[in-house]
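Below is one structure; the comments refer to it alone.
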Amino acid sequence: MISESRITLFADVIIPLAVPGTFTYRIPFVLNDQAAVGKRAIVQFGRKKVLAGIICRVHQEVPKGFSPKYILDLLDESPVIVEKQLKFWHWMKDYYLCNLGEVMQAAMPSALKLSSETMIQLSEQYETDKHQLNENEFLIIEALELQQKITLSEVSKILGIQKVMPIIRNLIDRGLVVTEEELKEKFHQKKETVVSLTKAFQEENALQDLMNQLEKRAYKQLELLLSYLSLAPVGSNNPEVSVSVLLKKADASHAQLKALAEKGVFEFRKKIVSRLDNFISDRHPDDIELTESQLVAMGQIKAGIVQKGVVLLHGVTSSGKTELYIKLINENLRQGKQVLLLLPEIALTTQIIMRLKRYFGESLGVYHSRYNLHERAEIWQKVLQYDPSDPASQHQLIIGPRSALFLPFQNLGLIIVDEEHDQSYKQHDPAPRYQARDAALVLARIHGASVLLGSATPSFESYFNAKNGKFELVILKDRFGGIALPEIEIVNLREEKKRKTMQSHFSRPLMEEMQTAFDNKEQVILFQNRRGFALRLECEACNWVPECRHCDVSLIYHKHQRLLRCHYCGFAMEVPAECPNCQSTALKMHGFGTEKVQEELQLLMPDARISRLDLDTTRSKFGFQQIIEAFEKHETDILTGTQMVTKGLDFDSVRIVGILNADNMLSYPDFRAHERSFQLMAQVAGRAGRKGKRGKVLIQTHQPHHPLLQDVVRNDYEALYERLMAIRQEYHYPPFYRLILIRLKHRDQYKLNMAANDLAVSLRKDFAEQVLGPEFPMVSRIRSLYIKQILIKFDRRQHSGKIKEMLMRKLLAFNANPEHKSLIIQLDVDPQ
């Protein structure tokens, strides 16, 4: 008999797919009391697919027009997403014009995102003569007789081929196998075996008698027992010791330990342990003594936080911004608040992480993509379970790149965005294409937290907001310890080449300064913002240049791999012995990257120890850390690299910094090119002379009188800002105007052109002259897809929400046309 008080509940569920809106499911009565916002629900999506979505709303509103499917089960005892996160997700969806499913995909660690995998198993009616099977079918049936179920990926491995579905379908049609969708939990807590004394041997007398017996009969077992006692913390009551640690300490075998267990001395159990490193602090933030200028800045920051909530700290390189961060972090931790410190790229910030570990120990957690899926899920859980009243709670301070914004903070008090100008804070693909600095301001507002933006070269948008009173501006003009900013010298490459004083890509002044630094046991950093060996290969007879098959770019030569490689799609080919166009063997390398810089400098300075820091040398989990530690220990004399060498590095002995080719930065066709060039050059220059002796920077260029280079020499950020802002205001660019970029992609160039023109005509009916394009971008084809772009500009004083609503209505009508179904449309709000 059904109770009259039974309530029918429904749940709106976010599905981790790029589909608009949420999906309503019926909650089974048995799960009524368990269903809650923020929990993961297992639901059927489509005919067969089974997914784990996030419940974002529980209600009693009966859906109209369809009969909802039931939620199959709930995965969590308590929510894995908090309400403030969901509020943040909804803002991101609305502002960056994406779907909630795309935000969920970006936000959650992969171990918590579950989707079913197709499994195959033998049919209940299976009965066949194996002689009727071909070789591949025989291997599949044989595997299923050994295992009850196997996945499609396992079938692919067994057969050694990629396309296995035709074979599987044939077996299904013959009634030999069936398929089903199965959901597997990816995250499993790590467990290790620990050992402890049994109750019989916890008494001191019993333990002494045992040791006397073992000394006569089984000395190795006695060593094991003594090792256990030495590993046990002083004063602990029957402690548990890791079996692996104990065996290593005693240099013993599992058989010897098992013998003690059989005698009733030891007992074993499985214990949940963390996969994460435990950090131990050996310093206290109160020990940091601030300089007079730092004390003034600290007072201004605190006042600015009270008045405006957001502070921009504009401090020259090596001015001691990190010390201020540590003080502010400590104040928030003492209040039981959580703190988020965002860094541009986690792999590039080894030094600051090591430094903060020493001050905050177990309170600190690091979250980034180079951790495996279990480690990221564990950090997520620790942040979610943080309890200020529990002294054992860890991960009160989180350091991470832009993805750390999505962690389930409950009590966030402060967000620090270090190097806030950095391009790495912008997510490009896939959606949501968010700018982490801007998103941090919204996240802070949701939590009632404060924000500190720090940079030696602030983004023009942040500086504009500070100058106009939206943010508080705090300036640190002096380097820590009174050290002068480095001397900057412009080297005219035209003159050097005329005098024939160039050695490879190095001018005479640079070679002399590097040699002097090497003789004085000082270090050098060389910056070349291109990786690889040569930027292109060209036939001198017919000017043929090898290009990527899938992208409209030339291939870059990587000598170590002996390959020509595309930096967009990864396509690679061997270097041809002759030109395929005219059969000439006169193939010449043009341009140079970091690989060539390292090789040719080694020939010129054979005694110097030279390392390279770029994407090719830092692909492994600890690649970056190993290179940086070697440079810190002075095991390397010269470090050459891409913009990785510009970010967050602090070395005592670097006296010379060389910028090998400033021209390729100055001529880039982008309205932000000069702003970014100044930032890169000023940042890399700031690596010189940070301790002790004043450093020197040499900038090689063919345009020595370029206004931007003169700004760099004078370190005159203000002059650059005023000059470029006047241009931006005149030509309607940010921060005076907002931009929305519409990117259209298709394999057929003709269809793309037609569709892009149709969309532009439609948009101009509402947006008129605010629409620019369609135009091909600089690289007009990537991964076999042709690309066209349409740009919408609108005054920052206009209501951006209404503009976006109009745009989405236009796109909805455009997508309704069947001719446009195969078109890929990407939206990028505030493109960078």
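The values are calculated or read from the model by the stated rules, or taken from the named source; none is laboratory data. Treat the numbers as computed from the prediction; the structure is a model and nothing was measured. Cβ coordinates were reconstructed from backbone atoms using ideal geometry, including for glycine residues, and neighbour counts include every protein chain displayed. Just so you know, the surface numbers come from the protein's heavy atoms only, side chains and all, with ligands and any DNA or RNA stripped out. Shrake-Rupley method; radii C 1.70, N 1.55, O 1.52, S 1.80 Å.
State the number of residues belonging to the stretch 305-323 that are over 20 Å from residue 457 (Cβ atoms) and in contact (Cβ under 8 Å) with a residue 12 or more places away in the chain. Working first, answer last.
The first filter runs over the stretch 305-323 and keeps only residues over 20 Å from residue 457 (Cβ atoms), leaving 305-309.
Now drop any that are not in contact (Cβ under 8 Å) with a residue 12 or more places away in the chain, which leaves 305, 307-309.
Number satisfying all stated conditions: 4.
May I ask you to verify whether residue 339 is farther than 26 Å from residue 652 by Cα and crowded, with 22+ Cβ neighbours inside 10 Å?
Yes, satisfied.
Filter the stretch 389-430 down to the residues that are within 14 Å of the chain's Cα centre (by Cα) and open to solvent by 10 Å² or more (accessible area, probe 1.4 Å) and list them by number.
401, 402, 403, 422, 423, 424, 427, 428, 429, 430
Restricting attention to the stretch 430-439, does a residue exist that is at pLDDT 90 or above and over 28 Å from residue 831 (Cβ atoms)?
Looking through the stretch 430-439, none of the residues is at pLDDT 90 or above and over 28 Å from residue 831 (Cβ atoms).
If I filter the stretch 423-437 down to residues being of a type in the set (Gly, Ala, Ser) and part of a helix (DSSP H, G or I), which single residue comes out as farthest from residue 105 (Cα to Cα)?
Among them, the one singled out is 424.
Go over the candidates 655, 694 one by one and state the one that is in contact (Cβ under 8 Å) with a residue 12 or more places away in the chain, open to solvent by 10 Å² or more (accessible area, probe 1.4 Å) and part of a loop (DSSP other than H, G, I, E, B).
Exactly one of 655, 694 is in contact (Cβ under 8 Å) with a residue 12 or more places away in the chain, open to solvent by 10 Å² or more (accessible area, probe 1.4 Å) and part of a loop (DSSP other than H, G, I, E, B), namely 694.
Test residue 721 against the stated conditions and say whether it is farther than 30 Å from residue 809 by Cα and hydroxyl-bearing (Ser, Thr, Tyr).
Judged against the criteria, residue 721 is a match.
Please verify whether the stretch 279-291 includes one or more residues that are among the basic types (Lys, Arg) and either within 28 Å of residue 410 (Cβ to Cβ) or modelled with pLDDT under 85 (or both).
yes
Can you pull out every residue in the stretch 697-719 that is of a type in the set (Asp, Glu) and surrounded by 17 or more Cβ atoms within 10 Å (Cβ to Cβ)? Reasoning before the result, please.
Kept after step one, since they are of a type in the set (Asp, Glu), are these residues of the stretch 697-719: 711, 716, 718.
Scanning the stretch 697-719 gives a single hit, 711.
In the stretch 305-321, what residues are assigned to a helix (DSSP H, G or I) and surrounded by fewer than 22 Cβ atoms within 10 Å (Cβ to Cβ)?
Within the stretch 305-321, 305, 306, 307, 308 meet the criteria.
To keep it simple, each residue is scored yes or no on (1) open to solvent by 40 Å² or more (accessible area, probe 1.4 Å); (2) modelled with pLDDT under 80; (3) closer than 16 Å to residue 256 by Cβ.
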site	(1), (2), (3)
177	no, no, no
183	yes, yes, no
194	no, no, no
212	yes, no, no
223	yes, no, yes
244	yes, no, yes
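If residue 464 meets every condition in (1) within 25 Å of residue 421 (Cα to Cα); (2) open to solvent by 40 Å² or more (accessible area, probe 1.4 Å); (3) touching a Pro at 6+ places or on another chain (Cβ under 8 Å) apart from one, which number is that one?
Condition (2) is where residue 464 drops out.
Considering only residues that are of a type in the set (S, T, N, Q) and under 28 Å from residue 408 (Cα atoms), look in the stretch 25-69 and name the one that is surrounded by the most Cβ atoms within 10 Å (Cβ to Cβ).
Filtering first and then ranking leaves 44.
For residue 562, which of the numbered conditions (1) open to solvent by 60 Å² or more (accessible area, probe 1.4 Å); (2) farther than 29 Å from residue 702 by Cα; (3) modelled with pLDDT of 90 or more fails to hold?
(3)
Scan the stretch 701-732 residue by residue and report those that are of a type in the set (Ser, Thr, Tyr) and more than 20 Å from residue 680 (Cβ to Cβ).
Taking the stretch 701-732 as the starting set, the residues that turn out to be of a type in the set (Ser, Thr, Tyr) are 701, 717, 721, 731.
Residue satisfying the conditions is 731 alone.
Any residue that is within 30 Å of residue 320 (Cβ to Cβ), open to solvent by 10 Å² or more (accessible area, probe 1.4 Å), at pLDDT below 90 and charged (D, E, K, R) - is there at least one of those in the stretch 584-607?
No.
Testing residue 551 on (1) surrounded by 18 or more Cβ atoms within 10 Å (Cβ to Cβ); (2) among the hydrophobic types (A, V, I, L, M, F, W, C); (3) not in a loop (DSSP other than H, G, I, E, B), one condition comes back false. Which one is that?
Answer for residue 551: the failing condition is (3).
When you go through 765, 788, 810 one by one, which is the residue that is over 28 Å from residue 458 (Cα atoms), without any contact (Cβ under 8 Å) to a residue 40 or more places away in the chain and among the basic types (Lys, Arg)?
765
Here is a list of conditions, (1) farther than 23 Å from residue 421 by Cα; (2) at pLDDT 85 or above; (3) open to solvent by 50 Å² or more (accessible area, probe 1.4 Å), and residue 630 meets all of them except one; can you say which number that is?
(3)
Scan the stretch 622-639 and report the pairs whose first residue is under 15 Å from residue 688 (Cα atoms) and whose second residue is at pLDDT 85 or above and of a type in the set (Phe, Trp, Tyr), with Cβ atoms within less than 6 Å and a gap of 6+ or a chain change.
What qualifies is 637/518; 639/631.
Kindly state which helices (runs of 4 or more DSSP H) lie completely within the stretch 451-530 and contain at least 2 residues that are farther than 30 Å from residue 733 by Cα and touching a residue at least 24 places away in the same chain (Cβ under 8 Å).
493-499, 508-519
Inside the stretch 556-605, can you point out the residues that are of a type in the set (S, T, N, Q), over 28 Å from the mean Cα position of the chain (by Cα) and closer than 28 Å to residue 508 by Cα? Show your work before the answer.
Filtering the stretch 556-605 down to residues of a type in the set (S, T, N, Q) leaves 561, 581, 583-585, 594, 598, 602.
With the extra rule that they be over 28 Å from the mean Cα position of the chain (by Cα), the set shrinks to 581, 583-585, 602.
Of everything in the stretch 556-605, just one residue is of a type in the set (S, T, N, Q), over 28 Å from the mean Cα position of the chain (by Cα) and closer than 28 Å to residue 508 by Cα, namely 602.
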